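The values are calculated or read from the model by the stated rules, or taken from the named source; none is laboratory data. This structure is a prediction, so every number in the text was calculated from the model and none was measured. Glycine gets a Cβ as well: all are built from the backbone with ideal geometry, and neighbour counts include every protein chain shown.
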């Protein structure tokens, strides 16, 4: 019973874990990325997810390098459910054709919260030959290193 309760709590936390990134073009070489993550796994990876999306957006538009500007981050939590435990004791006595019973029970509930993270950045993209590319992130390198972190 206790194992089932723990398993259901872990499953509910896993189900509310996700990360999404929205992309809004601002200019041919500028996009705004907003990443919203929840759950332990995804909140810790929100920065890496945003970097990967910035590199993908850069290459998709034909650029090779990018810089991140106007970065904003936030962390918090959100309610994901209740973990409730109930226990009780029942007793019945039969006297002739009559049954008498009593029940005593109690329950308690614990709210469950999932951590959240939000990252918003403006991605400015450059071609390798442009002056802005000097010192900027190389999009191909970012994607190549993604799996090695």
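A few remarks follow.
- Test: residue in the range 39-62 that is surrounded by 12 or more Cβ atoms within 10 Å (Cβ to Cβ), part of a strand (DSSP E or B), touching a residue at least 60 places away in the same chain (Cβ under 8 Å) and touching a helix residue (DSSP H, G or I) at 6+ places or on another chain (Cβ under 7 Å): no
- Look at (1) surrounded by 10 or more Cβ atoms within 10 Å (Cβ to Cβ); (2) part of a strand (DSSP E or B); (3) at pLDDT 90 or above and you find that residue 101 fails only one, number (1).
- Every listed requirement among (1) touching a strand residue (DSSP E or B) at 6+ places or on another chain (Cβ under 8 Å); (2) closer than 30 Å to residue 18 by Cα; (3) not in a strand (DSSP E or B) is met by residue 79 save one, (3).
- Output for the range 128-143, where each listed residue is surrounded by fewer than 16 Cβ atoms within 10 Å (Cβ to Cβ) and either touching a strand residue (DSSP E or B) at 6+ places or on another chain (Cβ under 9 Å) or on the phi > 0 side of the Ramachandran plot (or both): 128, 130, 132, 134, 135
- Residue in the range 114-127 that is over 22 Å from residue 49 (Cα atoms) and out of contact with any strand residue (DSSP E or B) (no Cβ under 6 Å at 6 or more places or on another chain) present: yes
- When residue 93 is tested against (1) in contact with a strand residue (DSSP E or B) (Cβ under 7 Å, 6 or more places away or on another chain); (2) on the phi > 0 side of the Ramachandran plot; (3) exposed (fewer than 12 other Cβ atoms within 10 Å of the Cβ), just one condition goes unmet, and that condition is (2).
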